[in-house]
Structure formats: C-alpha cells, structure tokens
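Take a look at the structure below.
All of the numbers you see were taken from the coordinates with simple rules; none came from a lab. Computed from a predicted structure; not experimentally measured. Here the Cβ positions follow ideal geometry from the backbone for every residue, glycine too, while neighbour counts run over all protein chains shown.
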Amino acid sequence: MQRALFPALFAAGVTFLLTCLVIGVRLEQEGPNLTVVGADAETWSWIGFAVIVVFLFQLFQQPLSRLKQRLPSPDVTGLLPDHKLRARLRPWLIALVVVGLFVWPFMVSRGAVDLATLTLIYVMLGLGLNIVVGFAGLLDLGYVAFYAVGAYTYALLSEYYGLSFWVCLPIAGLLAATFGCILGFPVLRLRGDYLAIVTLGFGEIIRILLNNWTNVTGGPNGIGGIEKPSLFGLEFSRRASEGGQTFHEFFGISYNSSHKVIFLYLVAVLLVLLTIYVINRIQRMPIGRAWEALREDEIACRSLGLNPTVIKLSAFTMGASFAGFAGCFFAARQGFISPESFTFIESAIILAIVVLGGMGSQLGVILAAIAMTILPELAREFQEYRMLMFGGVMVLMMLWRPQGLLPMKRPHLELKTS
Amino acid sequence: MTETSLYVLQQLINGLTIGSTYALIAIGYTMVYGIIGMINFAHGEVYMIGTYTAFITIIGLLTMGVGSLPIVMLLALMTAIIISSTYGYAIERVAYRPLRGGPRLIPLITAIGMSIFLQNYIRLAQGSRDLAMPALVSGGIQFGDPAVFEVSISWMQLIIWVVTLISMTALALFISRSRLGRACRACAQDLKMTNLLGIDTNRIIALTFVIGAALAAVAGVLLGLYYGTINPYIGFMAGLKAFTAAVLGGIGSIPGAMLGGLILGVTEALTAAFFPSEYKDVVAFSLLVLILLFRPTGLLGKPEVEKV
Amino acid sequence: MSENLLDVSGLMMRFGGLLAVDNVSLQVKPRQIHSVIGPNGAGKTTVFNCISGFYKPTGGEIRYRGQPIQGMTGHRISLLGLVRTFQHVRLFANMTVIENLLVAQHRHLNTNYFAGLVKTPSYRRRQREAMDRAAHWLQQVDLLEFANREAGNLSYGQQRRLEIARCMVTEPGLLMLDEPAAGLNPKETSELDQLILRLRDEQDISVLLIEHDMGLVMGISDHITVINQGAPLADGTPDQVRQNPDVIKAYLGES
Ligand SMILES: Nc1ncnc2c1ncn2[C@@H]1O[C@H](COP(=O)(O)OP(=O)(O)OP(=O)(O)O)[C@@H](O)[C@H]1O
Ligand SMILES: [Mg+2]
C-alpha cells in the first residue's frame, strides 16, 4: 500500500490537470469579446469525484487486478451450442430471420422502418470495411470516400443522364472498386500506419474536391431531387413521371407514402442479404483465406508464393465496391446528398462498428451496426455524446477485447482420410 | 523588384511562419516514431488542447488585469505546455503502453479512438463553434515599394520565428547533452538492448510523448495567437499537415521534421498564392502520397530493412 | 552446365558497414541434403534470406535450375519451387492447421471469384485435391488429429512440423529449413531426422538445411558448407568437413 501511494497521488494529479482547465473553465464568446467563465459547483464536484476515483483505483490496483483474475472472463461463444448442433440449427435460424426481416416492416410504424433502412446501410458499410480491416488487417481511414463515390455516381448519372437506380447500382459498385484499385495500387505497398494516414488524406481530398467542383457536384449545396428506385419500372411517387406508371395505380390501391418507405427497406434488405452471402462465400474461398493469412503474417505469405500487393489490392477493391453499393442506395434513399455526409466522422463510425463487432466477425459487425445506429435514436441526449462514446468504445474495446464482443469462429473443415 | 517577386516574397514569409509551427508539431510524430515505430494519431488533438489552454489562460489573465504582454504570453506558454504534456502522457499510458508488443493494428485503432474521444471531449466542454480573440500583438515592419507591393512581416510572425528557434535549440541541446537525451537516442537505436542495459524504457517512451506534446503546445499557442480563432476540429488538419512534414523530412529524424515543416509551409503558401486556397490541403496530401511512393525514407531518413 | 539445382556464386550482402555475407558460394545437387553450418551470427540466415528473395543481395549470382533469381521478389521465387521455413516459427497462428495448409496451396487452387461464388466443378475438384494433399502431409508429420486446431495452440515441436508440411504442400523443388531442430527434444529431433531423409528419398527433392545440432547434420547431410563471419570456411562431405583443421579451429576457438 505504501508503494502504491506515490503512483496513486501522481495519477490523481494527472487527472486533475487533464480536467481542471478544460472542463473547469469555459470560454464564452459574446460578440467580439471572449470571456472565461468558471464552471458551476456541480461540475467541480464531478472533477473532484473523478480525481478521487482515479486515486482510489490506483491505490488498490493490485488487489483489484487480483480480484479480476479470479472472475471468469466472459465467453459469449461458450454459451452457444457446439458446432454440430449449430450446423443443424443454422439453416432454420437463417430462414426464420429472413422471413422476419420481410414480414416485420408491415407491422410497425413508418419511422421504425426508415430507421431500419438506415441501419441496414451501416450494416453494409460495416461488412464492407470488415473485409479490409477485419480480414486483411489493413487500416482504412478513408472508407467514406468510396461511399461518396457510390453516392455521387448515382446522383450525377441520374441527374445528367436520367439513368435509373438499378442501372446505376452496379456502375456505382464498379466505379468505387476502380477508385479503390487506383488508390490502393500505389499505397498498399506501404506499411500499415502509413496506409492509415494516406487513406485518411484521400478521404479528405475526395470531400474537398466534391465541395469545390461546384458546377458538377453543386459544391456544398449538394445534389437534390435524386430519383427513388422503382419496382420493375413502377414508381412509388404520388403521380407518375412522363411515360411512367406508379405502383398504386398499377395495383389499383390508394396512394400511401409508407409503400415507398417499405419498398426502400426491402431493397436494403436484399442488398444486405446479398452482401452477407457474397462475403460469406469469399471468406471460404482461397482469396478470403489469403486475406486472413496476410493479416497474420505477411512474410510467411510471401515465402509461400502469395503476392501481398495483389491480395491486399483485392481486399481493398472488394471493400470499396460494397461501399459503392451502399453509397448508391444511400443517395436513392435520401434523395439529397452533399459532401457533409461524407466526413471523416462517418469513416470513424464505420470503423467503430467493425471494432466493436469483432474484427473479422460478420455476425458481430451486424449486431454492432444495429446497436450503434439504434442507440442514438432511442435517447436524444445520447446523440450529443455519441462521438465521444464511439471514441471511448474504440479505446476500451482494444484494451479489453481486441477480438471484439463476438470474435470470429474458425470454420471447421472435415478431412476425408483414406 | 517586380510585383510578382514581392508577392512571392510575402508568401515565402507567410509560409515560413506556418512551416515553423508545422515543424514543432512534426517533432512529436518523429520522436515517437523513432522510438516505438508507431504513429501517434492523437497528436493533433494535443496541439488543439494546447490552443484552448492558451486562450483560457490569456483571457483569464487579461480579465484579472494582467496587461503585460510578455508575462501573458509566457504564462500562456507554460500552462499550455503543462496541460498538453499531461495529455501526451495520458495518451501514452492509456493507448500505447498496455498494448506494447501486440499486433500493430491494435494501438493504431486505440490512438484513433483517443483522437476522436479528445476532440469530442473538448467539443462538449467548450462548445463546437469558432472562438475568436482580438489580436494581442499587432503591427510589424513593412518594406518594398508601396506603389507596387508592400511586403510586411508582422511582429507576431517574428515572435513565432524566435520562439520556434528557441524551442528547437532547447530540444537539440537536451537530446545531445543531457543524460535523458542520451537515453532517448539509445532507445531510438535499439529499444530492447537499452532496456537490457538497465534503462527504464517505459519512462523514456513516456518522455518522448511528453516532449512531443510540449512542442505541439508551443505550436498551439503560437498558431492560436496568429490566427486568432480556434475550434475543436483544428487538431485534425494540423496533425495531418505535421505528419506530412515529418514524413517529408524522413520520419524518425528530428532535423528532418524541422526541414519538412518549413518545406511544407512554403509549398502551401505558394500554392495558395496561385490557386484557390481550398486546394492547399490537396497539395499537402498529394505531396505526402508522392513522397511515400517514391522516397518513403523522406529527405533525411534512414532506410529501413525489414528483419526476417 | 547445370546439373545443379541451386547454384550460388560469390554472394555478397552488406548492411551499412557490416559485411554479413562475404563471397559465399554453394551448389545444391538434385536429391541431396545440403547443410550450411557456422557459429552464431555467421550469416547463415542472411544467405537464406538472399536466396529466398527477402533481401536483395549486394553482389553475386543465384541460379535455380539454371535461371538467375537474384533480385526477384520472394513470392516469385517461391512460385519457382524454392520454399523455406524461418528460424522463428511463422505460422498463421490464429488460423487452423488445415487453413494454414490451404493458404500454402493458393497456387494450386482456382482463385477465380466467379468460380468460387458458384462453385464450378473445376473449383470443387481443385479444392478437393488441396484437401487431400493437406490430409496426406498432415499424416506424414503426424498432425492429422489436430487438423481443426488453431496453429498457435500446438506445441512447439508440432508447430515446427506443421511449418514443414506447409512447405511441402506447395510441392517445392528445393526445401530450405532454417534450424528446424532448434527447441526440439531428442525424440522429436530423431523423428525430424527421419522425416528429412524421407523427403529426399520419397519426394525426390533437395533440402538446404541450416542447423546447429551436429549430430543431425553429420548424420543426414550429403554435403556441408561451413561459413564463419560471413565468409566460406569449408565445403565438402561430412567426413571432409569433420577433419578440416580450419573448421575445428573455428568451432573450438569459439567455445
Ligand atoms: N536486416 C539486417 N540489418 C542489419 N544487420 C543484419 C540484418 N540481418 C542480419 N544482420 C547481421 O548479419 C549478421 C549475420 O546474421 P545471421 O542472422 O545471418 O546469422 P546466423 O548465422 O543465422 O546466426 P544464428 O546461428 O544465430 O541464427 C549478424 O551480425 C546480424 O546482426
Ligand atoms: Mg540464423
């Protein structure tokens, strides 16, 4: 205890320095005058509280860590049934979830369906980034750039050439993939941390270009009135455009704006299911295994004849293409896009989703995307603290469980032996 | 002299001013990288916190009636250095030390989380809008032909140059003369070996974070006064620029960081002179990518051979 | 000119002021076990790194089946059939044993995206062949029962064997082993001994071996090259090397 006293005092002092000026005093702007205002007693008592907590924590760190060792570490996977039973239950479970996904929107409010659609976009983005960060172990901080490429591809093609959503969807994916390839080719030879910074810079460049290329992209004002997707040519608007036909007229039902919302939701569900299917397959294909091997040990990969650049590039391109699809759908859903939607914060949110879900784990990423988009909606005050919490979550997760809440389970492969 | 050349001269002066503050921040990146081989992603936020503490101290002192400019600036520098260093230390303790020796991706993510956390922490505590302060130091010297183009060097710019020069000299002396400085150099050479020789490398690593943070705080005070406005988001761009400077000069090399900062500052100022100013950020990034591709060791860096 | 499988001549490798490899030459004949020995820090691993393309040699020539390979990237050299292990085990520790072996067979698999997505017959066939090859080699190194274990959870000796199996599924022409017996107990060492002999006799490949265990080296080598402080010291059959006064001096002077 004696020996712990000095570090504890030190930590308390550090905590005080970290909080006293920045929280205890606040700068207020009144016209041209800047003034400082001391915080109220409540804030100061919080600061005092924090200092004491840190002090006590440091003082009793050893007994505490001993206590922690005795507590069993939570193992979520241990709660699941073993792999044979799971393999048998899986198809049923998947069928149940899929049916639920399609039936559910008809029973709830419009707002809920709309939120679900947004969540699905994040699921797609999370799954896409998971390829790059989780599988291949490449830290991409400019993922939002590919999302922007997808969104602007649809917005521009639709505005200037009148192409429909369904035509633009593959184009957006391809174009985003091309961007990923062009950017990735030079930078993927770089070490991991350089790659992170370069992708971060690239994300910013794309945003700056979109902001300044005013006569094409509309600059900061963005592009509005983007056409919504149609169902085999049937539109979901109240009145049909020239030569078009609307959904409600075709089926002879009265117009209901929630048809459109549900339709968008169903499109998102389809896209997400497709994403999950494709990524699931790829993960078990040679290229998917190569991604993970590269994450584990690049030198060993080279010694076995795998070309690291090509493999990284394929992960990068593949991840980018999913962002492109998501971006295209995002533009269609919003009907309006501007560079505001594609800031670094967005990249950070997607990264937080991947990190929380467990790098490499698909189910984990899906659940994390749901949690991260729905929680802020449930409590409005939460919105204010959202980014603070995302940052904190990233730090804590890495310290506590770098493999995420739901770590990836290795596939079980049966060997036939003679 | 013609108008264009005077104009370019003015831009050079402005570029050197900004560049010297980039250099101050870049040293933090380079020193940390030199020792643990990792980028401190949260370094830009330390700079941002430095500007906030400086503003708080200056306004506080002015309200209390302390009017002497040197005293105000000195106290602002000291407070900013103390608070920012504490943040630098905390970043190392929380985001780097517990993860040492693990996969490299992990501390990278914690550092980014840290950066997001700190940015929003300041946003919540101090508000997200721009805060503007009336100029403390005004005036300067003018030369050139008033009829053609008048080149001016403001007193603030001179202060920036002098303070930067003093800080750099102090750092150079510390690194080359003091025992701790020698330990720093030893760690940069071979961390494991230095540890075996009985030097507490954890302390040395923490020290580099602290020194880097202190220099970033100096830059924060200077740039805060120079621009007169701050917001919680300035750390992002400043961090990226300073990182570019560090890579340009050769990451791991302290003279390189200084050189890189100056070159980047001048390049940006010249770009801003002839193109719309939004593109100066694009130029900085493009420069970064080009260096990484064609000369990843930068101007003064040592080549790295990957040990197999 | 080339009955030699691997032909290294005048190899030089300089790190700054340190000449780690100084004019080393060696010839590996087909179906031979060729050992490289020398005291710690002699430059053996550096020679390996130069041959396998991880370092770019600063001088000299390396030919594999007559084709010059110096300066080629590591993965291209590996594709030619020169495959190596590392002094410190480098497995894909978080992947299972089979997955380790499947990654190594990347070159044999159908890596076409479309083929993989719809599982074309060719894709399935190559996948099945890869699984069979993996099963065969797991049996050879006695790891079959651990097929679905994560590689990082195996014992050290098992990891060493898995590394060899991982090289063998690539179907190499020359296998390069860097201190495969380091850290093994006597029983495991003698099993390794048998395994290496089997590789030469049944698989018709050559093995280039770095090893400190003299019993193992003298017992199985067809040819030995000794290097000391980067420079070649002796070259010959085990008996010749054993009696070479320089070698005796270098080794006795060392200890
Ligand atoms: N990348 C590198 N940079 C600088 N020096 C190196 C590098 N790689 C190896 N060396 C040096 O080259 C010399 C030879 O090292 P090498 O690893 O080849 O020895 P070795 O014969 O394999 O020794 P051991 O039996 O201990 O494995 C050593 O002095 C080592 O420090
Ligand atoms: Mg060696």
query = So for B:His43, C:His136, A:His412, fewest C-beta neighbours within 10 Å to most, what's the order?
reply = A:His412, C:His136, B:His43
ask   = Anyone know which of A:Val25, A:Val278, A:Val144 comes out most mobile in the 10 Å Cα GNM of chain A?
value = A:Val25
ask   = Based on the alpha-carbon gyration tensor of the protein assembly as shown and its eigenvalue square roots a ≥ b ≥ c, which shape applies: rounded if a/c is under 1.5, prolate if not and a/b is larger than b/c, or oblate?
value = oblate
ask   = Tilt of helix C:245-254 relative to the longest C-alpha principal axis of chain C, in degrees (0 to 90, nearest 10)?
value = 80
ask   = Contour minus end-to-end for B:Ser176 and B:Ser68, with contour as 0.36 nm per residue of separation and end-to-end as the Cα-Cα distance?
value = 35.4 nm
request  = Grab the Cα-Cα distance for A:Glu340 and A:Leu85, subtract it from 0.36 nm times how many residues apart they are, and report the gain in nm with one decimal.
outcome  = 87.1 nm
remark   = Rounded to 0.05, the calculated FRET efficiency for the beta carbons of B:Leu299 and C:Ser25 at R₀ = 60 Å is 0.95
query = Ordered by residue, what ³J(HN,Hα) values in Hz, to whole numbers, does the stretch C:116-122 give under the Karplus form 6.51 cos²θ - 1.76 cosθ + 1.60, where θ = phi - 60° and Gly and Pro are x?
reply = x, 5, 9, 6, 5, x, 5
task = Report the local net charge at A:Ile311: Lys and Arg +1, Asp and Glu -1, summed over other residues whose C-beta lies under 11 Å from its C-beta.
result = +2
inquiry  = Taking 35 Å as R0, compute the FRET efficiency from the Cβ-Cβ separation of B:Thr169 and B:Ile141 and round it to 0.05.
reply    = 0.90
key: Test item: A:183-195 mean partner chain Cβ contacts at 10 Å   = 4
task = Within the stretch C:135-153, which residues have the backbone N less than 13 Å from the label spot 7 Å out from C:Arg198 along Cα→beta-carbon, could you tell me?
result = C:136-144
On Cα atoms only, tilt of A:61-70 relative to the major axis of chain A in degrees = 50
query = Points 7 angstrom from Cα along the Cβ direction at A:Val53 and A:Arg189: gap in nanometres?
reply = 5.0
message = Please rank B:Arg182, C:Arg90, fewest neighbouring Cβ atoms within 10 Å first, as an exposure proxy.
response = B:Arg182, C:Arg90
ask   = Zone of C:Lys249 (label point 7 Å along Cα→Cβ, backbone N under 17 Å): which residues in the stretch C:200-238?
value = C:226-235
message = Modelling each spin label as a point 7 Å along the Cα-to-Cβ direction, I'd like the B:Asn202/C:Val118 distance in nm, to one decimal.
response = 6.0
ask   = Which whole-number percent gives the relative contact order of the stretch B:3-294, counting Cα pairs below 8 Å spaced six or more residues apart?
value = 40
remark   = C:Arg149 neighbourhood, Cβ < 12 Å, K/R = +1, D/E = -1, net charge -2
query = By counting other Cβ atoms within 10 Å of each Cβ, how are A:Glu292, A:Glu30, A:Glu204, C:Glu188 ranked from fewest to most?
reply = A:Glu30, C:Glu188, A:Glu292, A:Glu204
query = In nm, to one decimal, how far is the modelled label at C:Arg107 from the one at A:Phe106, with both set 7 Å along Cα→Cβ?
reply = 5.7
request  = Tabulate in residue order the Karplus-calculated ³J(HN,Hα) for the stretch A:89-102, using 6.51 cos²θ - 1.76 cosθ + 1.60 with θ = phi - 60°, rounded to whole Hz; enter x for Gly and Pro.
outcome  = 6, 3, x, 5, 4, 4, 4, 4, 5, 5, 4, x, 4, 7
remark   = Within 10 Å of the Cβ of an average residue in B:131-143, the count of other chain Cβ atoms is 1
ask   = So how tilted is helix A:110-129 from the main axis of chain A? Cα-based, degrees 0 to 90, rounded to 10.
value = 70
message = Could you tell me the relative contact order of chain A? Use alpha-carbon pairs under 8 Å, at least six residues apart, and round to a whole percent.
response = 24
ask   = Gaussian network model of chain A, Cα springs within a sub-10 Å range: biggest mean-square fluctuation belongs to which of A:Ala326, A:Ala12, A:Ala300?
value = A:Ala12
ask   = Do any of C:Lys44/C:Lys187; A:Lys409/C:Lys119; B:Lys192/C:Lys56; B:Lys192/B:Lys280; C:Lys29/C:Lys249 go past 30 Å between their Cα atoms, and which?
value = B:Lys192/B:Lys280
ask   = So what is the relative contact order of the stretch B:218-308, in percent, for Cα pairs below 8 Å that sit 6 or more residues apart?
value = 29
query = In chain B, which whole DSSP H runs stretch at least 24 Å along their own axis (Cα) and average 1.0 or higher on the Kyte-Doolittle scale?
reply = B:3-36, B:43-64, B:69-91, B:105-126, B:155-177, B:201-227, B:254-274
